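Remarks on the structure that follows.
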Amino acid sequence: MSSHCDPQYAPVGDVGAALMVLDSRLKAIYDGKSATGPEQQQLMDQFTESLGPEGAQGLLDGVCTVIYMFMQWLRMVHTDHDRDVIEYVVPTLVKSLRMMPRSVRPEDIPTMAGLVTAAGIGLSPNLWRMRYGDWIDDELNALEATAYLLAEHINRIAEDRDFATRLIAAALSVEEQ
């Protein structure tokens, strides 16, 4: 029986834009620029505004799609080692999000844990989230941090700073063919 949160029913969104934002954030942090400077924040705000409402929704859906893809890859890796992806990824994610109180509000952490759990068991994170109402602006920092933390986790497993980005880029290039 198919769930209404089945990924086949989910909008994919603008995965390319989501990947660009994520890659930019990863590179900045790897270069020791963990704080978003006013200039970088202004550029990000201008980029988001230039998308318009439909483009912003596409970016949001794209981030959820990236999170889903990351969790599917992590699920395969953990299954290969007889481990449960939820058991090994979600507690670490929650702990990391709790260490980011200036960027992630405590009340957003359960939502991110649920979102990642949904993706880890094969449900669409954006359809799962829509069951609880529209996204609120305050949750978007937590969503971005969640995507970043999953990418960083994948990069550490692969021992390659660009692996997570290449993983999604490769999937996009296969989809285009």
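The values are calculated or read from the model by the stated rules, or taken from the named source; none is laboratory data. If you're wondering where the values come from, they're calculated on a predicted model, not measured in any experiment. Positions of Cβ are generated from backbone atoms using ideal geometry, with glycine treated the same way; all protein chains shown enter the neighbour counts. Heavy atoms of the whole protein, side chains included, go into the accessibility calculation; ligands, DNA and RNA do not. Shrake-Rupley method; radii C 1.70, N 1.55, O 1.52, S 1.80 Å.
Just a few scattered comments:
- Flag if Thr92 is open to solvent by less than 50 Å² (accessible area, probe 1.4 Å) and among the hydroxyl-bearing types (Ser, Thr, Tyr): no
- Residue match in segment 87-101 (condition: without any contact (Cβ under 8 Å) to a residue 24 or more places away in the chain, closer than 25 Å to Ala28 by Cβ, assigned to a helix (DSSP H, G or I) and not β-branched (Val, Ile, Thr)): yes
- Taking every residue in segment 137-157 that is over 15 Å from Arg102 (Cβ atoms) and pairing it with any residue that is of a type in the set (D, E, K, R) and surrounded by fewer than 17 Cβ atoms within 10 Å (Cβ to Cβ), at least 6 positions away or on another chain, the pairs with Cβ-Cβ distances below 6 Å are Asn155/Arg161.
- Residue selected from segment 1-27 under the condition part of a loop (DSSP other than H, G, I, E, B) and in contact with a Phe, Trp or Tyr (Cβ under 9 Å, 6 or more places away or on another chain), by the criterion most open to solvent (accessible area, probe 1.4 Å): Ser2
- Residues in segment 89-113 that are over 13 Å from the mean Cα position of the chain (by Cα), small (Gly, Ala, Ser) and at pLDDT 95 or above: Ser96 only.
- Residues located in segment 112-136, provided they are touching a residue at least 24 places away in the same chain (Cβ under 8 Å) and either within 13 Å of Val89 (Cβ to Cβ) or surrounded by fewer than 16 Cβ atoms within 10 Å (Cβ to Cβ) (or both): Met112, Leu115, Val116, Thr117, Ala118, Ala119, Gly120, Ile121, Gly122, Arg131
- Every pair of residues 6+ apart whose Cβ atoms lie under 6 Å, when the first sits in segment 160-177 and is modelled with pLDDT of 85 or more and among the basic types (Lys, Arg) while the second is in a helix (DSSP H, G or I) and open to solvent by 40 Å² or more (accessible area, probe 1.4 Å): Arg161/Tyr30
- Pick from segment 55-89, criterion open to solvent by 50 Å² or more (accessible area, probe 1.4 Å) and among the acidic types (Asp, Glu), ranking: nearest to Leu149 (Cα to Cα): Glu87
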